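S.K.: Before I ask anything, let me first share the structure, which is written out below as structure tokens.
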Protein chains: 4
Amino acid sequence: MNHIDAILNAHPNHARMDSIPGFAAAIAACLDCSIVCHSCADACVAENAIQTLQRCIRLNLDCATICGMTATMLTHAFDPDARVLHAQLRACLAACVACAEECARHAQTYEHCRICAEACHACERACQQVMERLPAMAMA
Amino acid sequence: MNHIDAILNAHPNHARMDSIPGFAAAIAACLDCSIVCHSCADACVAENAIQTLQRCIRLNLDCATICGMTATMLTHAFDPDARVLHAQLRACLAACVACAEECARHAQTYEHCRICAEACHACERACQQVMERLPAMAMA
Amino acid sequence: MNHIDAILNAHPNHARMDSIPGFAAAIAACLDCSIVCHSCADACVAENAIQTLQRCIRLNLDCATICGMTATMLTHAFDPDARVLHAQLRACLAACVACAEECARHAQTYEHCRICAEACHACERACQQVMERLPAMAMA
Amino acid sequence: MNHIDAILNAHPNHARMDSIPGFAAAIAACLDCSIVCHSCADACVAENAIQTLQRCIRLNLDCATICGMTATMLTHAFDPDARVLHAQLRACLAACVACAEECARHAQTYEHCRICAEACHACERACQQVMERLPAMAMA
């Protein structure tokens with residue numbers, strides 16, 4: 001049901017990306033993290049102890065927004081402006097790290113926070129891998 | 001790597017949703033369709049015959065935006081305003097139908113349009129299924 | 001500092017829109033409502049009585065997302081798919097009505113809810129006006 | 001009709017921000033730049049010489065997305081994670097600079113590109129001013 005690999009392979013500039021594995025995986029990880037953060041925010045709002053989760057809600061919402069947008073920007077990566085994509089991946093990493101940190105503090109109490117921290121870490125790793133390969137692409 | 005099912009199950013109001021299967025599938029289909037439409041727009045912009053693809057680019061961008069947002073709104077579905085969610089699912093269906101129609105016209109020339117039409121149809125079906133089950137939930 | 005009117009007038013299909021006043025105003029109203037709803041959600045999360053504001057936070061977030069996206073879609077309105085734009089404006093109206101209703105319940109306690117209800121009503125009126133003029137445009 | 005100042009003043013943590021002017025202005029500039037970039041992309045897609053505007057369309061779309069999201073994140077700034085907000089403002093600056101550069105190359109041919117470059121520069125300046133004041137806020 002997932003069409004990400006297929007659509008990237010069908011892009012007219014697809015050859016340009018053959019040396020850069022990890023794009024499809026990073027897009028999938030960003031989408032996953034985005035929706036998990038949105039859901040974690042909604043779950044936090046529904047908890048009785050919502051007052052202990054204010055910072056978590058805010059970081060969830062920021063991380064959800066940034067990750068969703070980063071996924072979109074990665075689809076423009078066949079001819080990217082390397083500076084913009086780099087800066088955006090850096091912001092995505094910062095959001096994932098901050099959100100994972102805060103969610104980890106509540107992970108023993110709330111399963112949704114435990115899962116969210118896990119999705120943030122996975123997204124962090126996927127973005128990191130793309131960032132490491134970007135300079136080569138930018139020079140190509 | 002996909003955490004959607006897990007995070008929905010960890011929501012404090014999760015019991016309320018047990019009679020409504022299809023939410024996780026609809027979220028996944030919306031995310032998939034959103035990113036595929038973004039990528040199809042980017043691929044269209046890169047084609048030599050871009051001038052024949054203007055309408056396709058616009059519908060891709062609209063469908064990408066609507067589907068991405070519908071995924072987010074479905075994560076609020078544990079205590080939704082049924083009118084808002086209904087109207088949004090209807091807009092999502094309209095966008096998927098229109099984008100699939102246009103992409104289908106180019107499907108024999110461009111593989112990305114063929115894949116995009118397929119993802120739009122899958123999203124259309126997934127949203128339809130949630131819509132049919134919503135009234136029951138709204139009354140619960 | 002606002003460039004909305006200017007950029008719409010600079011669009012190559014701009015003549016097609018001359019008979020449809022209200023687009024620039026609707027875009028501005030959607031952007032305003034979107035950001036006000038985001039801010040109201042953030043303010044609700046910061047209130048001591050956050051537990052009475054759960055529904056308000058969810059409707060704020062939905063309305064914020066829908067209005068932001070509707071603004072974007074209105075910029076594609078020079079050659080729109082009338083069905084998609086209609087369905088989206090309808091979803092935007094539903095979100096504004098639901099959010100204004102809920103915010104109005106807290107308007108005497110929270111100034112941010114009073115302001116948010118006002119922005120929702122303004123956005124509702126602006127979208128309504130565009131909807132009424134769309135059929136003519138769709139036929140043009 | 002613009003409610004941004006009013007809603008920020010109604011935030012329960014509003015005192016914390018009194019020493020940081022420029023937030024409302026930066027939010028307005030981000031929203032303006034976002035919608036202008038969306039409209040410039042749509043106008044480019046409608047131009048006969050669309051093939052000379054491919055890079056412009058991509059940068060327009062990236063800048064539109066980043067600016068819209070930055071506006072949202074600034075509404076969480078009453079208790080921000082300074083690292084995340086900093087990284088996001090940096091990405092926003094990079095997007096505005098890159099888009100303004102590209103649009104400026106077409107500014108003599110296309111009025112929408114001239115206006116878009118102007119909106120990007122205005123957004124760049126507004127984000128820069130907030131960034132310079134952030135460290136003080138982060139320490140407060």
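The values are calculated or read from the model by the stated rules, or taken from the named source; none is laboratory data. Quantities reported herein were computed from a predicted structural model and do not represent experimental measurements. So basically every Cβ, Gly included, is an ideal-geometry build from the backbone, and we count neighbours across all protein chains shown.
S.K.: Go through segment D:1-57 and report how many residues are in contact with a Ser or Thr (Cβ under 6 Å, 6 or more places away or on another chain) and more than 7 Å from every other protein chain (Cβ to nearest Cβ).
M.R.: Final tally of qualifying residues: 1.
S.K.: Give the residues of segment A:27-41 that are under 8 Å from the mean Cα position of the chain (by Cα) and of a type in the set (Val, Ile, Thr), sorted by residue number.
M.R.: Selection gives A:Ile27 alone.
S.K.: If you don't mind, there's one more thing I want to ask. For the structure I just gave you, tell me whether C:Cys67 is over 11 Å from the mean Cα position of the chain (by Cα) and either over 30 Å from C:Asn13 (Cα atoms) or not acidic (Asp, Glu) (or both).
M.R.: no
S.K.: For segment B:103-127, give me each residue that is within 14 Å of chain C (Cβ to nearest Cβ) and either surrounded by fewer than 22 Cβ atoms within 10 Å (Cβ to Cβ) or of a type in the set (S, T, N, Q) (or both).
M.R.: B:Arg105, B:Glu124
S.K.: OK, next. So, of the residues in segment B:60-77 that are in a helix (DSSP H, G or I) and facing chain A (nearest Cβ under 7 Å), which turns out to be nearest to C:Asp62 (Cα to Cα)?
M.R.: For segment B:60-77, the residue satisfying everything is B:Thr72.
S.K.: Can you spot a residue in segment D:12-27 that is among the hydrophobic types (A, V, I, L, M, F, W, C) and buried (at least 22 other Cβ atoms within 10 Å of the Cβ)?
M.R.: yes
S.K.: Output the number of residues of segment D:40-68 satisfying the condition of being closer than 16 Å to D:Ala95 by Cβ and either of a type outside the set (A, V, I, L, M, F, W, C) or modelled with pLDDT under 95 (or both).
M.R.: Final tally of qualifying residues: 6.
S.K.: Does segment D:78-98 contain at least one residue that is part of a loop (DSSP other than H, G, I, E, B) and either crowded, with 24+ Cβ neighbours inside 10 Å or without any contact (Cβ under 8 Å) to a residue 60 or more places away in the chain (or both)?
M.R.: yes
S.K.: Restricting the search to segment B:7-16, which residues are within 20 Å of the chain's Cα centre (by Cα) and of a type outside the set (Val, Ile, Thr)?
M.R.: Result: B:Leu8, single match.
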